[in-house]
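Participant: So that we are looking at the same thing, I have put the structure below in C-alpha cells.
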Number of protein chains: 2
Amino acid sequence: MTGHQTRSSQTRAERKEQTRRALLDGTLQLSADRGLSNVSLREIARSADIVPTAFYRHFASIDQLGLTLVDDGMRALRVMLREARRTPGGANGQASVEILSKHVRANRQLFQFLYRERYGGSVEVRRAIDTELRFIVGELTIDLSRTPGLQNWETEDLEMAADLIVSAMQEAMVAFLSAAKSDARAEDEIVERTRKQMRLILLGIGQWRPKQRQD
Amino acid sequence: MTGHQTRSSQTRAERKEQTRRALLDGTLQLSADRGLSNVSLREIARSADIVPTAFYRHFASIDQLGLTLVDDGMRALRVMLREARRTPGGANGQASVEILSKHVRANRQLFQFLYRERYGGSVEVRRAIDTELRFIVGELTIDLSRTPGLQNWETEDLEMAADLIVSAMQEAMVAFLSAAKSDARAEDEIVERTRKQMRLILLGIGQWRPKQRQD
DNA sequence: CTTTTCAGTGCACGCCCGTACACTGAACAA
DNA sequence: TTGTTCAGTGTACGGGCGTGCACTGAAAAG
C-alpha cells in the first residue's frame, strides 16, 4: 500500500510479469500441436485474457516471444546437462538417459517446442536453436577431451563423437515426446534402447585409433 | 488427333496430369522455407496458374497433397537405399554417406520437405512419415541380421543399432540441407564427419557382446 | 492533492483466406 | 452430328487476421 522506495515499483510490475507469463504459457500450449507459426497473435492474446493490441506491451512480435521461449527451453536443457555432468559417468554413460527422461517429463512442452521449432520454425528461431545446440556439442566435446583415454584425440574426432551422442539423445527425446503421456512401457523401451546406443558408442570410442585414415 | 481406343483418353488426361504436377512442384517450392502449413490453397493454385476452386479437381485438401509429396519423397528415399544396399558395404559402411549426399543433392526440396514435415507437419503427414521411417529401420535391421558376425544378435539389439545408424544419417541429411547450396567445403566436412560416425558405430558393433547385461 | 506513466481497451480498417455456386467450352464417346 | 464429361472460370460471401489510433483508469511519482 505505502510505497516508499526510490527504486522499482511493486504491484504494477508484478501484474505485468503475470500477464507476460500468461502469454508465454498460453503460446506454449497453443503451439504444442500446431507449431508456433500456426498460432495467431489474437489467439495468444485471448489465452492471456487481454485485447490483441495489448500484446505489443510485452513483445514486439510473435517471433520475439518465440525467441524468449527458446531461451527458456535452453535454460531447462542446460539445467539437465549440468545434472548429467556432475553425475558419475553422466555425460556419456547410461545414467544420462535416465536424467534425460526425467527432465523431459518435467518440461514436456518446452522441449517439444524446441525440437519442433528447430526444423519448422522461422529463420530466426531456427538459428537461435541451432546456435545453442552447437554450443552444447562444444561443451560435450570438452567433456570428452578430459575423459581418460581420450586426451590425445584430435578435436575433430572428439566433436564427431559428441555430435553422434547428441544426435542419439535428441532422437530419444523426440521418441519420448511422441510416446503417449503416460505410456510407461513405451518410455522404458526408449530408455533401454538409448542406453544401449550409448554403450555401443562408448565401445566404438574405446576401439577408435585416433589418427586412422581411410582411402 | 484420332482417338480410336475404347480404354482411356489421351490429351485430356495429359493436361490434367500436367496441372497436377504443377501443383505438387509449386507446393514444394512454396513450402521450402515456411513449411506446408504456412502455404495457402490460393497460393498453390496461383503457382499452377489455376483458379483456387480448381484445386479441388486434383486434391481434396492441402493435407492430401502433402501426403502425396510424402509418398514422392519416400520413393526417392527408397531409391537411395536400394543403391546403398547393393553397394559393397553400403548399408552400414562409409560408401553410403556418399550415396546419401548424391541423392540429397538431386532431391533437395523433396528431402527437405520430409524432415521439415516430420516434426512440424499435420498429424496425418507426421504419422505417414514416421510409419515409413520405422519401415526403413526395419529393413536395415534385416540387413544387419545377415551381416557376418551379427547372426546371433537379438532382434532388439539389431534394431537398436539400426536406429542409431538411421539417426546419424538423418542428422547428416539435415546438416546437408542446412548448408548453403553450393558450399562444397561444408558438404565435405559433413561427409567426413558422418563417415567417421559410421566407422565408430561399426567399431562399437564389433565389440558388442550380444547378451550383455548391466545392473 | 496533482501529475505522469503505462498496461490494457475498443473500434475500425483493409487484406487474404477457404469455399459455395453457377458457368463455360474443349475433349471425348456414341 | 449430338450429347456428355469435366478441368478450369468468375463472383461472392463471411470470417479471421494484424495493426493503427484515440482512449481509460489505476498505480506510481512529485
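Participant: Which is under 17 Å from A:V125 (Cα atoms), away from DNA strand C (no atom under 16 Å from the Cβ) and in a helix (DSSP H, G or I), of A:L24, A:L67?
Facilitator: Selected residue: A:L67, the only one of A:L24, A:L67 that is under 17 Å from A:V125 (Cα atoms), away from DNA strand C (no atom under 16 Å from the Cβ) and in a helix (DSSP H, G or I).
Participant: Another question, then. Going by the structure shown, is B:L110 more than 14 Å from every other protein chain (Cβ to nearest Cβ) and within 16 Å of DNA strand C (Cβ to nearest atom)?
Facilitator: No; evaluated as a whole, the condition is false for this residue.
Participant: Given the criteria more than 13 Å from chain B (Cβ to nearest Cβ), part of a helix (DSSP H, G or I) and either polar (S, T, N, Q) or away from DNA strand D (no atom under 16 Å from the Cβ) (or both), does A:E117 qualify?
Facilitator: no
Participant: Looking only at residues that are β-branched (V, I, T) and within 18 Å of the chain's Cα centre (by Cα) in the range A:45-94, which one is farthest from DNA strand D (Cβ to nearest atom)?
Facilitator: Once the filter is applied, the top-ranked residue is A:V79.
Participant: Hey, does the range B:146-153 have a residue that's surrounded by fewer than 19 Cβ atoms within 10 Å (Cβ to Cβ) and part of a helix (DSSP H, G or I)?
Facilitator: Taking every residue of the range B:146-153 in turn, none turns out to be surrounded by fewer than 19 Cβ atoms within 10 Å (Cβ to Cβ) and part of a helix (DSSP H, G or I).
Participant: Would you point out the residue of the range A:27-45, among those that are within 13 Å of DNA strand C (Cβ to nearest atom) and under 13 Å from A:F59 (Cβ atoms), that is surrounded by the most Cβ atoms within 10 Å (Cβ to Cβ)?
Facilitator: Kept after step one, since they are within 13 Å of DNA strand C (Cβ to nearest atom), are these residues of the range A:27-45: A:38, A:40-42, A:44-45.
Okay, now just the ones that are also under 13 Å from A:F59 (Cβ atoms), so A:41, A:44-45.
Numbers: A:L41: 16, A:I44: 25, A:A45: 21.
Out of the qualifying residues, it is A:I44.
Participant: Only one residue in B:R42, B:R34 is in a loop (DSSP other than H, G, I, E, B), among the basic types (K, R), within 16 Å of DNA strand D (Cβ to nearest atom) and modelled with pLDDT of 95 or more. Which one?
Facilitator: After applying the criteria, what remains is B:R34.
Participant: Take A:V174 and tell me if it is surrounded by 14 or more Cβ atoms within 10 Å (Cβ to Cβ), under 30 Å from A:V39 (Cβ atoms) and within 11 Å of another protein chain (Cβ to nearest Cβ).
Facilitator: yes
The values are calculated or read from the model by the stated rules, or taken from the named source; none is laboratory data. If you're wondering where the values come from, they're calculated on a predicted model, not measured in any experiment. We place every Cβ from the backbone using ideal geometry, glycine too, and count neighbours over all the protein chains shown.
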